[in-house]
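Peer 1: Supplied in structure tokens, the structure appears directly below.
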């Protein structure tokens, strides 16, 4: 549970920075939509803000070295080594089996934390299909895992599987709850 709180705590500064960036570009985006003859509902804009904040939080928590505490870095700077090669776990199911036996929170955390990557794009954009969710799942996960190899974290094939499953479960949740997509409408 302590690891989960630490992970969530590292997400907060990235989420705040992403939300601030989104807010700063919001007027430009609104003008562009108006120029193109589109409108966007308040509910859609709020979901876009939440998705941007989530992506920023995930970036802060997954794309930094293991000893990188963003709160500490903001206050005191970072004095460690950012880039360092790591290891690769290419043995399929090894970490999944281990985590199910000893750390089920690790297993479920890897699944649940990627569900928004399947759910929110399906809600926000038209034409959501399972293969688009799969492309997002694999693309985001491979990018994160590949980057982690260079920052002292382990490239783990089991994380690829669990994160992809999480994204697809998010998409399935959207399919179950399917309501009209919150897309931009022509005026």
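Peer 1: Can you give the direction-averaged projected area of the convex hull of the alpha-carbon atoms in segment 87-164, in nm²?
Peer 2: Quarter of the Cα hull surface area: 5.4 nm².
Peer 1: Taking only Cα atoms and a 10 Å spring cutoff, compute GNM fluctuations for the chain and point out the largest among 64, 167, 143.
Peer 2: Result: 143 has the largest fluctuation of those listed.
Peer 1: Rounded to whole Å and ordered largest first, report the semi-axes of the equivalent ellipsoid of segment 2-186 derived from its Cα gyration tensor (root of 5λ).
Peer 2: 31, 22, 13
Peer 1: Next up: Taking the chain as a Gaussian network, Cα atoms linked when under 10 Å apart, which of 163, 89, 110 shows the biggest mean-square fluctuation?
Peer 2: 89
Peer 1: Could you pull the Rg and Dmax for segment 71-130, using just the Cα atoms, both in Å?
Peer 2: Values for segment 71-130 (Cα only, Rg and Dmax): 17.8, 46 Å.
Peer 1: Here's a follow-up. Rounded to the nearest whole Å³, what is the per residue volume of the convex hull around the Cα atoms of segment 136-180?
Peer 2: 62 Å³
Peer 1: Please say if segment 33-138 is rounded, prolate or oblate, where rounded means a/c under 1.5 for a ≥ b ≥ c the square roots of the C-alpha gyration tensor eigenvalues, and otherwise the choice is prolate for a/b larger than b/c and oblate otherwise?
Peer 2: In terms of gyration-tensor shape, oblate.
Read-outs: derived from the displayed coordinates by stated rules, not from any lab. On a predicted model such as this, the values are computed, not experimentally measured, just so you know.
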